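A short write-up of the structure that comes next.
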């Protein structure tokens, strides 16, 4: 029953930008008015909704038509609006942070403070990025992890390509590399850090599980589309 509800919410542009697929432990959810709300597995969260995980907790999110995200303990993740030239906050503008794909029509940026692993499918015309307090990661289909706080962001790339940006500067991150982004610079290490090596192993285990979820969603999407086309 949970999966059916999750699927229906996921395939509808009207109801949700993301679906909470699984909750482990405790987390706080805020709506776009910053009001605390009760969210269960299978529920949707919309634009500018916020997830804040507590100790020993994690949340699995299906980001609508983008991919899947695991938000780990003591982290904050915000589902943001489609990009626009004015979508950055005052502090972003002050620090010179930019949305790498803001000029593109179908461009989406979510916000992370803490730790998360991302499995993003090939997006075609859509563009997706993740913003942290110090960086913007432009994604076009990949698997990677981010650990971020107010001072720095560490990005480990496992598959695909990520463009890591800060102000006017951006660098391309390739599989097996780690990026360190502080308030002042971007550094690329040619190898994964010890932390990111552990994250890669965990991601490899999760990927098979997420692939099965995505396959079921695609199959149900196809069946729904076929039924709707017959009715019209």
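The values are calculated or read from the model by the stated rules, or taken from the named source; none is laboratory data. These figures come from a predicted structure and were not determined experimentally. Methodologically, a virtual Cβ is constructed for each residue, glycine included, from the backbone with ideal geometry; neighbour enumeration extends over all protein chains shown.
Odds and ends about this structure:
- Considering the conditions (1) over 18 Å from the mean Cα position of the chain (by Cα); (2) surrounded by fewer than 17 Cβ atoms within 10 Å (Cβ to Cβ); (3) over 24 Å from residue 80 (Cα atoms); (4) at pLDDT below 95, residue 220 is excluded by exactly one of them, (2).
- Taken over the range 114-151, the criterion of being over 23 Å from residue 204 (Cα atoms) and in a strand (DSSP E or B) is satisfied by 127, 131, 136.
- Summed over the range 33-45, residues that are in a loop (DSSP other than H, G, I, E, B) and surrounded by 14 or more Cβ atoms within 10 Å (Cβ to Cβ) total 4.
- Matching option when the condition is under 17 Å from residue 68 (Cα atoms) and in contact with a helix residue (DSSP H, G or I) (Cβ under 8 Å, 6 or more places away or on another chain), among 167, 141, 156, 160: 156
- Count - residues of the range 46-56 that are within 12 Å of residue 110 (Cβ to Cβ) and not in a strand (DSSP E or B): 3
- Note on the range 174-192: among residues that are within 20 Å of the chain's Cα centre (by Cα) and free of Cβ contacts under 8 Å to residues at least 24 places away in the same chain, the one that is surrounded by the most Cβ atoms within 10 Å (Cβ to Cβ) is 177.
- Subset of the range 64-80 that is in contact with a helix residue (DSSP H, G or I) (Cβ under 9 Å, 6 or more places away or on another chain) and assigned to a strand (DSSP E or B) - its residue that is nearest to residue 128 (Cα to Cα): 67
- The range 156-173: number of residues that are assigned to a strand (DSSP E or B) and surrounded by fewer than 20 Cβ atoms within 10 Å (Cβ to Cβ): 8
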